[in-house]
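The values are calculated or read from the model by the stated rules, or taken from the named source; none is laboratory data. Predicted, not measured: the structure shown is a model, and the values here were computed from it. Every residue, glycine among them, receives a Cβ derived from its backbone with ideal geometry; neighbour counts consider all protein chains shown. With ligands, DNA and RNA removed, areas are computed over all heavy atoms of the protein, side chains included. Shrake-Rupley method; radii C 1.70, N 1.55, O 1.52, S 1.80 Å.
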Amino acid sequence: MKVVTVIGNRPQFVKAAAVSRLLREEHDELLVHTGQHHDDELSTVFVTELGVPRPERELSIHGGSNTEQTARMLAALGPLVAEERPDAVLVYGDTNSTLAGGLAAAQAHVPVAHVEAGMRSFDRRMPEELNRVLTDHLSDLLLCPAPAAAENLRAERVAGAVEVVGDVMVDVAHLFQPRAREDDAPLEALGVTPGEYVLVTAHRAGNVDDPARLRRLVDLLLALPLPAVLPLHPRTDARLRAAGWLSELEQAPHVRLSPPLGYLAFTALLVRARAMLTDSGGVQKEAYLAGVPCVTMRDTTEWTETVDAGWNVLVDLDAQAALAALERTPPPDRPELYGDGHAGARVVSSVARSFAG
Ligand code: UDP
């Protein structure tokens, strides 16, 4: 079987780490990096650290509006898929690269497999939500991380086959979190002590693109009562500089800024944090897996199971709510919500069963 896999941003490199090597044991894969994230620290670092194969094709498409970027990706991926004629195109998650890869394949009558299908925040203002919904409706094989995702797809009457395989990010977390617990270097480099700091990530368009929302984010970070480690996503860095507010964070004694971290250093900081404060999707899950309480700076989440389990609280950008949530003691139980860490193998076998030959 020949598969073209399309990835483009940081979490997709992490997800591909659970699948590409396994896929290549018995099948041919052409890995295409759209370039959506072009900084090395958001892409190639994962090739080195997580053993993601080096992409065979780099399209170098980044920047511009979501529509424009997706259109440029489509224009590049259409001919590529037509020329390669794979048995299937594999896409992950909810980015412009996901939608462009899926649509280019569907237009070329090549079957599409979507990993992380069925997740919904039910917030259509998020570009990610549009990408999820559209990709799910053009996919032939919908591989879900959890039963609720499969329920969402059945409710929407998608045309493709739906299967719950577990979450591929769990595979990667299971592999690396235990080692990360022994790694003191990233904590020492940032001058923090295990259990006595909050790890923060923030980069959603809805939080950083609008200056009024960005200001609320800055005020929330300034109000935190304990050391806060903040690896700055390039988008957030650019918006803070443009608004002239980066220096406020640089000067706050409790805030430790850093460039985006590699997966290993980030995971070392995550597993020993007192709490995670984030607007990321994947990080909400990773915190849950590590047994670190999560406070999410959004008013919706597609990872609702973590909220229902009592390990994640949605506070939007409300500083008081965030401070109160950080005080909470997490519940004693942490049930397995997203599979057993072998989702990658199920993705490979399901794609092969569906499309090989
Ligand atoms: N991550 C990382 N370094 C960082 C911040 C995050 O390696 O400085 C990893 C994190 O462990 C997770 C992924 O990047 O696996 C999440 O990516 P991101 O937050 O960009 O995307 P989202 O999940 O929100 O789509």
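Data overview
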{"quantity": "Residue list for region 171-215, restricted to those being outside any helix (DSSP H, G or I) and crowded, with 21+ Cβ neighbours inside 10 Å", "calculated": "192, 197, 198, 199, 200, 201, 202, 204"}
{"quantity": "Selected residue [over 25 Å from residue 176 (Cβ atoms), within 14 Å of the ligand (Cβ to nearest atom) and touching an Asp or Glu at 6+ places or on another chain (Cβ under 9 Å)] from 300, 296", "calculated": "300"}
{"quantity": "Any hit, region 141-164, residues being touching a Lys or Arg at 6+ places or on another chain (Cβ under 6 Å) and not aliphatic (A, V, I, L, M)", "calculated": "yes"}
{"quantity": "Considering residues of region 118-164 that are part of a helix (DSSP H, G or I) and polar (S, T, N, Q) only, the residue surrounded by the most Cβ atoms within 10 Å (Cβ to Cβ)", "calculated": "135"}
{"quantity": "Spans of helices (runs of 4 or more DSSP H) in region 1-64 with at least 3 residues more than 16 Å from the ligand (Cβ to nearest atom) and of a type in the set (Ser, Thr, Tyr)", "calculated": "none"}
{"quantity": "Residue 174 farther than 27 Å from residue 336 by Cβ and either at pLDDT 95 or above or within 14 Å of the ligand (Cβ to nearest atom) (or both)", "calculated": "no"}
{"quantity": "Region 1-56, residues that are open to solvent by less than 60 Å² (accessible area, probe 1.4 Å) and free of Cβ contacts under 8 Å to residues at least 12 places away in the same chain", "calculated": "44"}
{"quantity": "Region 300-332: number of residues that are open to solvent by less than 50 Å² (accessible area, probe 1.4 Å) and acidic (Asp, Glu)", "calculated": "3"}
{"quantity": "Number of the exception - residue 226 against (1) farther than 30 Å from residue 122 by Cα; (2) more than 10 Å from the ligand (Cβ to nearest atom); (3) open to solvent by less than 30 Å² (accessible area, probe 1.4 Å); (4) touching a Leu at 6+ places or on another chain (Cβ under 7 Å)", "calculated": "(4)"}
{"quantity": "Contacts under 7 angstrom Cβ, first residue in region 192-207 being over 11 Å from residue 298 (Cβ atoms), partner part of a strand (DSSP E or B) and among the β-branched types (Val, Ile, Thr), 6 or more apart", "calculated": "192/229; 197/229; 199/229; 200/229; 200/278; 201/278"}
{"quantity": "Qualifying residues in region 186-208 (those that are more than 15 Å from the ligand (Cβ to nearest atom) and in contact with a helix residue (DSSP H, G or I) (Cβ under 8 Å, 6 or more places away or on another chain)) - the one nearest to residue 275 (Cα to Cα)", "calculated": "194"}
{"quantity": "Selected residue (criterion: most open to solvent (accessible area, probe 1.4 Å)) from residues of region 333-357 that are part of a helix (DSSP H, G or I) and under 17 Å from residue 17 (Cβ atoms)", "calculated": "346"}
{"quantity": "Where residue 279 falls short, out of the listed (1) under 17 Å from the mean Cα position of the chain (by Cα); (2) away from the ligand (no atom under 12 Å from the Cβ)", "calculated": "(2)"}
{"quantity": "Residue that is over 30 Å from residue 335 (Cβ atoms), within 8 Å of the ligand (Cβ to nearest atom) and either touching a strand residue (DSSP E or B) at 6+ places or on another chain (Cβ under 8 Å) or at pLDDT 95 or above (or both), where the choices are 260, 253", "calculated": "260"}
{"quantity": "Tally, over region 65-95, of residues that are open to solvent by 20 Å² or more (accessible area, probe 1.4 Å) and either of a type in the set (Lys, Arg) or part of a loop (DSSP other than H, G, I, E, B) (or both)", "calculated": "5"}
{"quantity": "All positions within region 263-276 that are more than 11 Å from the ligand (Cβ to nearest atom) and within 17 Å of residue 183 (Cβ to Cβ)", "calculated": "272, 273"}
